[in-house]
1. Sort out which residues of region 293-305 are farther than 16 Å from CYS260 by Cα and buried (at least 18 other Cβ atoms within 10 Å of the Cβ), and write them in order of number.
2. Quick one: in region 36-59, which of the residues that are modelled with pLDDT of 90 or more and basic (Lys, Arg) is nearest to ALA232 (Cα to Cα)?
3. Quick check: is even one residue across region 59-67 assigned to a loop (DSSP other than H, G, I, E, B), out of contact with any Leu (no Cβ under 6 Å at 6 or more places or on another chain) and open to solvent by less than 50 Å² (accessible area, probe 1.4 Å)?
4. Out of curiosity, is SER35 touching a Phe, Trp or Tyr at 6+ places or on another chain (Cβ under 8 Å), within 24 Å of ARG246 (Cβ to Cβ), open to solvent by 40 Å² or more (accessible area, probe 1.4 Å) and free of Cβ contacts under 8 Å to residues at least 60 places away in the same chain?
5. Here are the criteria: (1) in contact with a helix residue (DSSP H, G or I) (Cβ under 7 Å, 6 or more places away or on another chain); (2) crowded, with 20+ Cβ neighbours inside 10 Å; (3) assigned to a helix (DSSP H, G or I); (4) of a type in the set (A, V, I, L, M, F, W, C). Tell me which single one ALA161 does not satisfy.
6. Looking at region 322-334, is at least one residue touching a residue at least 60 places away in the same chain (Cβ under 8 Å), of a type in the set (Ser, Thr, Tyr), open to solvent by less than 40 Å² (accessible area, probe 1.4 Å) and within 30 Å of LYS160 (Cβ to Cβ)?
7. Of everything in region 125-136, what is surrounded by 21 or more Cβ atoms within 10 Å (Cβ to Cβ), farther than 11 Å from VAL175 by Cβ and in contact with a helix residue (DSSP H, G or I) (Cβ under 8 Å, 6 or more places away or on another chain)? Give them in sequence order.
8. I'm trying to understand the selection: among the residues of region 326-352, which are more than 26 Å from PRO182 (Cα to Cα) and not in a loop (DSSP other than H, G, I, E, B)?
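The values are calculated or read from the model by the stated rules, or taken from the named source; none is laboratory data. Owing to the predicted nature of the structure, the values given are computational and were not obtained by experimental measurement. Methodologically, a virtual Cβ is constructed for each residue, glycine included, from the backbone with ideal geometry; neighbour enumeration extends over all protein chains shown. The accessibility values were calculated without ligands, DNA or RNA, using every heavy atom of the protein model including side chains. Shrake-Rupley method; radii C 1.70, N 1.55, O 1.52, S 1.80 Å.
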Amino acid sequence: MSKPKHPGFATRAIHDGQEPDLSTGAVSVPIYATSTYVQDELGKHRGYEYARVSNPTRDRLEKNLASLEGGVASRVFASGMAAINAICAMFKSGDHIVCGNDLYGGVPRLFNQVLSGYGFEFTFVDTSEARNVERAIGKKTRMVYVETPTNPLMSLSDIKAIAEITRRKKIELVVDNTFMSPYFQQPIALGADMVVHSTTKFLNGHSDGLGGVVVCTRQEQAEQLGFVRKAAGAILSPFECWLVLRGTKTLAVRMLQHDCNGRKVAEFLAGHKKVKKVFYPGLKGHPQHELARRQMTGFGSMITFETGSLANAARILKRVRVCTLAESLGGVETLISHPATMTHAALGEKGRKAIGLTDGMVRISVGIEDVDDVLADLDQALA
């Protein structure tokens, strides 16, 4: 008799941590909206004491997300930035962190304008070349932080190659997997020590809740992050935990449609005379297309394209009707944004120029609408 097959991704997304409630049989995980828990007597309780420390809905979500990323445990936080801050809180003043130079704008803002004031040292390098990472590592380096694909330039880092370096140097590799979701990319399987997501994005998938998660490969990481969360209090509410659990149930089917639509929109933009350049790993012209094929099982729905000027970008963004002009990404609706004045405004003109982010760039998170409607909207906006 053959061994039981390991459940597939969609099965785990629907069932791991999402088991029916034992007391009532409820198929949907209950929202435990409580701040505290009764104790039977001094020193005796039922596993829960205070909601900042633990909550049954949150426990279920953490089990679910750890399963999807192939980790041993996870810890969820009030936002993606709170999750990244908690990772950094695992280190101490004087420690050095090597990180990508093309990241979501809130990350360098946290690193340069907050954590540097507490004695952390940061070196920003182009992580698309693993040798740049190795050259930047010094005696005080404790972590390498990469985002792949990057926001918004869609540059890829070779996770396996960088993991070989960090393992040899005995330092932590943390990968932001928000753009791909665990459905299309598995950083832990490629050697990452921790994986971070803004659960606000594809994991939630419905643009109705903020959150962040760190998935761990060692139990001591989870314990340390749990202590940081307990001490600092950046918890994810039971309701928002439930929203993410609701979201992950459909993650597999949503990501397939995001990917299908994303490929079609990228091809359309690449062939449009008003578009100067398209940044999308699924296009054969992308300089890291072959790495994308090796490292990811799909190309997703995040696309950046160059319009040539701020005026061109503004005109397009004013004309869209199906696409929604807004911050964020990963929702079922197509979201379109202007990185230079929105997600990456904090970098400043000099900082954006250093990484090649222009005023004419537009970023689009392709949703799961009928793709012909999205294409028609973009066509009339570009006309």
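1. Step one: filter region 293-305 for residues farther than 16 Å from CYS260 by Cα, giving 294-295, 304-305.
GLN295, THR304, PHE305, listed by residue number.
2. Within region 36-59, the match that is nearest to ALA232 (Cα to Cα) is ARG52.
3. First, the residues of region 59-67 that are assigned to a loop (DSSP other than H, G, I, E, B): none.
No, every residue in region 59-67 fails to be assigned to a loop (DSSP other than H, G, I, E, B), out of contact with any Leu (no Cβ under 6 Å at 6 or more places or on another chain) and open to solvent by less than 50 Å² (accessible area, probe 1.4 Å).
4. On the way: touching a Phe, Trp or Tyr at 6+ places or on another chain (Cβ under 8 Å): yes; within 24 Å of ARG246 (Cβ to Cβ): yes; open to solvent by 40 Å² or more (accessible area, probe 1.4 Å): yes; free of Cβ contacts under 8 Å to residues at least 60 places away in the same chain: yes.
Yes.
5. Unmet for ALA161, out of (1) in contact with a helix residue (DSSP H, G or I) (Cβ under 7 Å, 6 or more places away or on another chain); (2) crowded, with 20+ Cβ neighbours inside 10 Å; (3) assigned to a helix (DSSP H, G or I); (4) of a type in the set (A, V, I, L, M, F, W, C): (2).
6. yes
7. Residue satisfying the conditions is VAL133 alone.
8. Hits for region 326-352 are ALA345, ALA346, LEU347, GLY348, GLU349, LYS350, GLY351, ARG352.
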